[in-house]
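Structure first, commentary second.
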Amino acid sequence: MIKNEGLIWGISSGIIFPLGICSGILFPIEYMPEWMKTIAHISPLHYLQISVINGKIEVLPICFMLLVSFLLTIFGIKQLARQE
């Protein structure tokens, strides 16, 4: 198990910060380079923003992101169980 809370904070910030920058919330997607647009379309924050702007929930992308999150959670739990 990871005993260094600073490491956990660094890893989570290293994932969340780029997704936030590339999600289209801070900068319009139209002006982003193509590689940032690709990251935006992977980011759950992008779909959350679209849902808020349109006033309706984008079901398919959100369900896909939930599935990916669930699979990564199961993988992470198995990895932690293996280390014990």
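The values are calculated or read from the model by the stated rules, or taken from the named source; none is laboratory data. Since this is a predicted model, take the numbers as computed values, not measurements. Glycine also receives a Cβ, built like all others from the backbone with ideal geometry; neighbour counts cover every protein chain displayed. All accessible areas refer to the heavy atoms of the entire protein, side chains included, with ligands and DNA or RNA removed. Shrake-Rupley method; radii C 1.70, N 1.55, O 1.52, S 1.80 Å.
For this structure, a couple of remarks:
- Per residue accessible area in Å² of region 37-78, where ligands, DNA and RNA are left out and the probe is 1.4 Å: 76 Å²
- Estimated FRET transfer efficiency when R0 is 30 angstrom, pair residue 12-residue 35 (beta carbons, to 0.05): 0.85
- Per-residue [θ]222 nm for the chain (sum of -39500 (n - 2.57) over DSSP H runs n ≥ 4, rounded to 500): -25000 deg cm²/dmol
- Annotation: residue 70 carries an accessible surface of approximately 120 Å², with a 1.4 Å probe and no ligand, DNA or RNA atoms counted.
- Simple spin-label estimate for residue 51 and residue 70 in nanometres, 7 Å along Cα-Cβ: 1.5 nm
- Which of 67, 17, 49, positive extreme of dipole for the chain (C-beta unit charges): 67
- Solvent exposure ordering (accessible area, 1.4 Å, most first) of 78, 37: 78, 37
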